[in-house]
Amino acid sequence: MKSRLSTSMPRAQSAIKENLPGFALVEALLAGSILALVLFIFSSILIFGQESARIAGERQRAMALAEEGLEAARNLAEFSFAGVTTGPHGLVINSGKWQFSGSEDYTGGFTRRLDVADVNSFTKSVTSTVIWKATPQRTGTVAVNTRLTNWRRPGTSNWASMSVESGVVLPATYP
């Protein structure tokens, strides 16, 4: 038995040694493929993350421009409610004051449009819409809405000069 084991062992070792060069090539191809797959996955995650951050930043900027449009409309209504006319408007700053100009305005790749509509004789609805090119295939859109009321209209209280109609006098010390 001893002789049988000793003669079969060298044959098995020589068979493994003969197949090693082919096995090494397959092993190298497999390792290279796994490395390429891992690098592809990490680079895809990095690129997708950067693209998502860029799109989120552009959306945030568009939202800020839309809110700025509503604030400009509020400012115009405070100055002259009758000056806030219905229709589409763009905005400009002239001598430190907001003014309507054209039907839309452009700021760094973003297009802003204010649409003013009458709700009733003392209320206007203002929608500020911002459009931009989010990716080569699609555009991004953000819209915000508010209502403006002419609270200084005739027949309402005079808010410019308020007066105290009643009051409470509290004692200087409590028991």
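The values are calculated or read from the model by the stated rules, or taken from the named source; none is laboratory data. This structure is a prediction, so every number in the text was calculated from the model and none was measured. Cβ atoms come from the backbone with ideal geometry, glycine included; neighbour counts cover every protein chain shown.
Of note:
- Selection status of GLU58, part of a helix (DSSP H, G or I), without any contact (Cβ under 8 Å) to a residue 40 or more places away in the chain and surrounded by 11 or more Cβ atoms within 10 Å (Cβ to Cβ): no
- When LEU35, LEU76 are checked against the criterion of being assigned to a helix (DSSP H, G or I), of a type outside the set (Lys, Arg), in contact with a Gly (Cβ under 7 Å, 6 or more places away or on another chain) and at pLDDT 90 or above, LEU76 stands alone in meeting it.
Here's the yes/no breakdown for (1) at pLDDT below 90; (2) polar (S, T, N, Q):
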residue	(1), (2)
PHE122	yes, no
SER125	no, yes
SER128	no, yes
ALA134	yes, no
ARG138	yes, no
ARG147	no, no
TRP151	yes, no
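- Subset of the stretch 118-150 (residues that are exposed (fewer than 13 other Cβ atoms within 10 Å of the Cβ) and among the hydrophobic types (A, V, I, L, M, F, W, C)): VAL119
- Within this structure, GLU51 passes the test of being surrounded by 11 or more Cβ atoms within 10 Å (Cβ to Cβ) and over 30 Å from TRP151 (Cα atoms).
- Qualifying residue in the stretch 106-128 (condition: basic (Lys, Arg), assigned to a helix (DSSP H, G or I) and more than 20 Å from the chain's Cα centre (by Cα)): no
- Among residues of the stretch 62-94 being touching a residue at least 24 places away in the same chain (Cβ under 8 Å) and farther than 16 Å from ARG113 by Cβ, the one that is surrounded by the most Cβ atoms within 10 Å (Cβ to Cβ) is ALA77.
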